[in-house]
Each structure stands twice: as C-alpha cells, then as structure tokens.
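I have placed the structure first, in the form of structure tokens, so that the comments after it can refer back to it.
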Amino acid sequence: MNKENKIRVIIADDNEINLLLLANLLELQDCIVDSAINGEEALHLINQHPYKIALIDLNMPVMSGLELVKILRNQNNHLKMVAISAYADNNKINETLAAGFDYYLIKPIDEELLNVLINQPY
C-alpha cells in the first residue's frame with residue numbers, strides 16, 4: 001500500500017510501553033502512527049495532521065483524554081476518538097462516551113476490535 005492510501009492514526013498514552021505496543025499493532029495493520037505522551041501533545045499533532053482515528057488514554061498528565069476530547073468537540077473536530085483505559089466500569093465508560101469519545105477500548109487492547117475500528121469507513 002502506498003503512503004497516500006495508508007491510514008494515519010494518532011495514539012496518546014503516558015506509558016511508553018503501552019505506546020510501543022499499540023504502535024506495533026497499528027504498524028502491523030500498515031498504518032502511519034504518530035504518538036504523544038499527553039493530551040496537549042496530541043492536540044498539537046491533531047491540529048497539524050489529518051488523522052482517521054485517535055486512540056487516547058484517559059489518564060495522562062498535563063492534559064487528560066477527557067480534557068482533550070472536550071476541546072476537540074468544542075472546535076467541531078469530528079475525528080474518530082477512541083478512549084483507552086484499564087477501567088472497565090460501566091459508569092466510567094458511559095461518562096467517557098458522553099464526553100465525546102466515539103468508542104471505548106479496555107486495556108489490554110483487543111486486536112480484532114482495534115482492526116475493525118481502524119478499517120471502518122470514515
């Protein structure tokens with residue numbers, strides 16, 4: 001697949017091992033991957049590049065995933081946003097989706113579900 005047809009993805013997580021694992025999964029799917037260690041870095045990258053999907057950890061220093069999604073939705077940015085968290089409680093999931101995320105993935109990430117999300121039409 002040439003570079004123009006590859007899916008461009010941004011991932012944000014303050015845990016370097018999580019970033020590396022997720023980047024590896026995405027690169028195996030032939031994605032172009034940019035990564036950020038907090039929501040502020042992710043916001044900067046999102047405002048510079050046309051991503052198809054963002055995979056955002058909820059708990060990060062500087063700017064959390066919830067703060068990031070609220071800023072993006074207030075800017076009318078309709079980027080597909082996927083929350084990533086180790087928390088599997090329904091209240092947290094509902095709160096996260098209500099804040100503006102499109103999907104919620106629980107760590108460890110289900111590779112098949114990730115592939116479905118990445119390959120969905122825009």
* Work out Dmax and Rg for the chain from the C-alpha atoms and quote the Rg first, both in angstrom. => 13.2, 42
* Under the rule of -39500 (n - 2.57) per DSSP H run of 4 or more residues, summed and divided by the residues of the chain, what mean residue ellipticity at 222 nm is obtained, to the nearest 500 deg cm²/dmol? -> -12000 deg cm²/dmol
* Structure fact -> Protection proxy (average C-beta count within 10 Å per residue), highest first, orders 36-49, 76-89 as 36-49, 76-89
* Give the peptides 51-58, 5-12 in descending order of average Cβ contacts within 10 Å, highest first. => 51-58, 5-12
* Structure fact -> Given 24-33, 64-73, 112-121, 96-105, the highest-first ranking by average Cβ count within 10 Å works out to 64-73, 96-105, 24-33, 112-121
* Using a Förster distance of 35 Å, the FRET efficiency for Leu28-Asn91 (Cβ separation, nearest 0.05) -> 0.55
* Would you check the chain for Lys pairs whose C-alpha atoms are within less than 17 Å, ignoring same-chain pairs closer than 8 in sequence, and give me the count? => 7
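A short reminder: the numbers here are calculations on the coordinates, not readings from a lab. Small disclaimer: the values here were computed from a predicted structure and weren't measured. Because the Cβ atoms are built from the backbone with ideal geometry, glycine has one as well, and the counts that use them run over all protein chains shown.
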